[in-house]
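Peer 1: Pasting a structure here, questions to come.
The values are calculated or read from the model by the stated rules, or taken from the named source; none is laboratory data. Only a predicted model underlies this, so the values are computations on that prediction, with no experimental measurement involved. Neighbour counts are summed over all protein chains in view; Cβ atoms, including those assigned to glycine, are modelled from backbone coordinates with ideal geometry. For accessibility, only protein heavy atoms count, side chains too; no ligands or nucleic acids. Shrake-Rupley method; radii C 1.70, N 1.55, O 1.52, S 1.80 Å.
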Amino acid sequence: MKKFKILDYYILIPYIVLSLIGIVMVYSASANVAISNGSTPNGYLIKQTAYVILGLFLAAFFYWLRLSLLRRRSYVEIATFVMFGLVLIVLVIGARINGAKGWINLGPVNIQPEEFLKLYIVLFLAHYMDSHQVSLEERYWHTMRAPLILFAVMIGLVLMQPDTGGAAIDWFIILIMMLSSGNKHNVPTEIVGVLFIGYLAMLGFLSHTNLNSPMWTKHYQLQRFVAFIDPFGTIKTVGRQLVNSYYAISNGGLFGRGLGNSIQKMGYLPEPNTDFILAVTSEELGVIAVLIILALLGTIAGRAIQIGKRASTMYESLVCYGIAALITVQSLFNVGGVVGALPITGVTLPFISYGGSSMLVLSMSMGILLNISAREKRAQIAERAERVTVK
């Protein structure tokens, strides 16, 4: 019962509020989709509610779990074997949805291994870097070679699905955790600058390229760049979804048209309950509601960083930074695609978009964050009690 008294409400409350908003918006955005697919209007609502409830149980489980269990060598090896098997199996027997073969069909539900890979990378890399602190100081790249090769193979399999957005998020999580390790031989921060320069170079290159050439129009992944650079010029083809996203945001204004009153979800936006749920939210509830959602996501990410800074071990710090990176990068990719700042990558918005695998992974992440926060609070309480005793 003592652990209930040290719950971190800066994580718990935003997590629950976002999950509830997600249930409401999934129902609003998916009713028409469900009818079109021959299902009932409540189909996605029931599933998303079940995912949220199951997620709460998982969050509670990881909150009460001893974190040392996650670091047992046998468990880490089993997790690696299972994770590698899942990303490999999905290429063989995976269900193809919207051009990507990234789901394993289990009857009424689909499992997306890429979502679980994100959390696996966070936990594995935190454990590995904490266990090799001395060798990282002496031979950084030699020590990091093994996990980077492992991740390169796994993420390469993700790219073969193809899931470019998921693969990019995985690499950004790895990069941020490496930059956060505080090692003197760490990856130079100039890499971030190089990535930004690369983004600007991409914009310059695409803006001076003939996007109507066969090289761009016949390849599914490259078509997303065409829509990104010239959405209105390709409004009848690949630019349609981004233009309709603009219309949805414009229609909603500051306060929205009212819950359930979105026009663009009626067959204009291709994935109103997943990739473009933020556009539907903006149209129905307004930009103010969108900013509240982003603020709640930012609160969780910011709190994770704060917990990571005061954590007593490198492992706990890196886990917190990794989870913050997961939420932040995935949110940026989704929002960037919806507003046209980035090419559309098919990345969902954390807690809000429909999806069981994503909700379960995020819930497990919240449980781990709450666990680490509670450990630090107990340590602070014990330290204060010791000071009082000494006095």
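Peer 1: Of LYS118/LYS377; LYS47/LYS265; LYS118/LYS265; LYS309/LYS377, which pairs sit farther than 22 Å apart, going by alpha carbon to alpha carbon?
Peer 2: Result: LYS118/LYS377; LYS118/LYS265 exceed 22 Å.
Peer 1: Hey, another quick one. For the pair TRP64 and ILE288, what calculated FRET efficiency results from E = 1/(1 + (r/R0)^6), where r is the Cβ-Cβ distance and R0 = 45 Å, to the nearest 0.05?
Peer 2: Between ILE288 and TRP64 the formula returns 0.75.
Peer 1: What is the ratio of the Cα radius of gyration of segment 29-145 to 2.2 N^0.38 Å, where N is its residue count, to two decimals?
Peer 2: 1.42
Peer 1: So which aspartates and glutamates can LYS236 reach, going by Cα to Cα under 20 Å and dropping same-chain residues fewer than 8 places off?
Peer 2: Straight-line reach from LYS236, under 20 Å: GLU271, ASP275.
Peer 1: What's the local net charge at GLY94, with K and R +1, D and E -1, over the other residues with C-beta under 11 Å away?
Peer 2: Result for the neighbourhood of GLY94: 0.
Peer 1: What trypsin sites (Lys or Arg not before Pro) does segment 1-87 have in DSSP loop regions with at most 16 other beta carbons within 10 Å?
Peer 2: Sparse-neighbourhood loop trypsin sites (Lys or Arg not before Pro): ARG66, ARG72.
Peer 1: Still on this model: Using alpha carbon centroids, what distance separates segment 64-116 and segment 146-164, in Å?
Peer 2: 13 Å
Peer 1: Now a separate question. For a quick protection proxy, order the peptides 160-167, 132-139, 363-370 by their average other-Cβ count within 10 Å, most packed first.
Peer 2: Those peptides, ordered most packed to least, come out 363-370, 160-167, 132-139.
Peer 1: If I model a spin label at ALA146 and ARG96 as a point 7 Å from the Cα along the Cα→Cβ vector, what separation in nanometres do I get?
Peer 2: Going by the 7 Å Cα→Cβ label model, 3.9 nm.
Peer 1: With a point put 7 Å past each Cα toward its Cβ, work out how far ILE89 is from GLN380 in nm, to one decimal.
Peer 2: In this crude label model, ILE89 to GLN380 measures out at 4.3 nm.
Peer 1: Here is a further query. Once the Cβ-Cβ distance between LEU259 and LEU159 is put in as r, and R0 is 51 Å, what FRET efficiency do you end up with, to the nearest 0.05?
Peer 2: Efficiency at R0 = 51 Å is approximately 0.85.
Peer 1: Near the amide H of GLU271, under 5 Å away, which other amide H atoms are found, from residues 5 or more places off or on another chain, if H is placed in the peptide plane?
Peer 2: PHE276
Peer 1: Give me the one-decimal nm value for the distance between modelled label points at ILE46 and ILE78, 7 Å along each residue's Cα-to-Cβ direction.
Peer 2: So the two model labels end up 3.3 nm from each other.
Peer 1: Right, here's the next one. What does the C-alpha gyration tensor say about the overall shape of segment 45-94? Classify as rounded when a/c is under 1.5, otherwise prolate if a/b is larger than b/c, or oblate.
Peer 2: Oblate, since a/c reaches 1.5 and b/c is not below a/b.
Peer 1: Rounded, prolate or oblate for segment 281-380? Axes are the square roots of the Cα gyration tensor eigenvalues, ordered a ≥ b ≥ c, and the cut-off for rounded is a/c under 1.5.
Peer 2: Prolate, since a/c reaches 1.5 and a/b exceeds b/c.
Peer 1: Now, a different point. Carbon and sulfur atoms: what percent of the 1.4 Å accessible area of segment 219-358 do they account for?
Peer 2: C and S fraction of accessible area: 64 percent.
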